[in-house]
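Reviewing the structure listed below.
Just so you know, all these numbers are worked out from the coordinates, no wet-lab data involved. Small disclaimer: the values here were computed from a predicted structure and weren't measured. Reconstructed Cβ throughout: ideal geometry from the backbone, glycine too, with neighbour counts over all protein chains shown.
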Amino acid sequence: MQRLIALAALLPFAARAAPTGLNQIPTTDLVPAGQLSLQLQNGNTEVSGPASLFHQPQLVPQSEYGLPWNIEGGLDVAPSDPPHDYRPLLNLKWNPVHEDYRIPAAAIGATRLGVGFTPNYFFVLSKTLNYSAIQYQKFRAHHRNRKLRGIRLHTGVLRTGNAWEALVGSDAEVNDHFVVYADWISGTSNALSLGGVLVIDQHLSIQAALLRGNNQDRLSGLLLNVTHTFDPAHPLEW
């Protein structure tokens, strides 16, 4: 039983409440100012044994709100002592550098700010490979889901309680209804992920990803996430 519990804890970051990003890592993306993004994610990602998500599901509600001055703030509820002790925690992200044809976007932030959690701090860069094409499509921005952003590369660092970890990822817009997500976090307790986002409409998307622990030779996790973004000033959009 101790071994099963340890396996369930091997992928802690995938299940952590976090600011907008890919499967696991934060990116430079922000929820637009004045808009609210609500998410529901599985906190337990383990796929095998009696400690799997099928036997011990943990739902993690998440929310992100677009603030002025290129800032995003989040209020989430997550287990600090799984599987039952749920507590609120905050995250903040600031995007001081915007992308252009040559310069990548940059963002800094902090996650897991709350009683019973160890804060994490991150710095990330994002660059769109087909930047010109995405600029040409800007006139369609108000008709598109915000996860449709072309083909991008992301990199950065994460400072956990006792270590620095590298962040690498990519997202590729296949069409108006599907985006491929892949990312990796260094460290034995983290993972490589591959998945995608099904874009239902401008506001609603469903995300799924498979995870392979860095110290494992098997499929070790499954991440599911439903996201809805809406403008509180126009509640009928919900």
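Residues Phe230, Phe122, Phe54, ranked from the fewest to the most other C-beta atoms within 10 Å, line up as Phe54, Phe230, Phe122. Annotation: amide H of Leu129 within the under-5 Å range of Ile151, Arg152, Leu153, sequence separation 5 or more or interchain, hydrogens built in the peptide plane. In this structure, the amide hydrogen of Ala33, modeled 1.01 Å from its nitrogen in the peptide plane, lies closer than 5 angstrom to no residue at least 5 positions away or on a different chain. Phi angles of segment 186-194 translate, via the Karplus equation with coefficients 6.51, -1.76, 1.60 and θ = phi - 60°, into HN-Hα couplings of 6, x, 5, 8, 10, 8, 9, 10, 9 Hz per residue; Gly and Pro are given as x. The amide H of Phe178, built 1.01 Å from its N in the peptide plane, has Val199 as neighbours under 5 Å, considering only residues 5 or more places off or on other chains.
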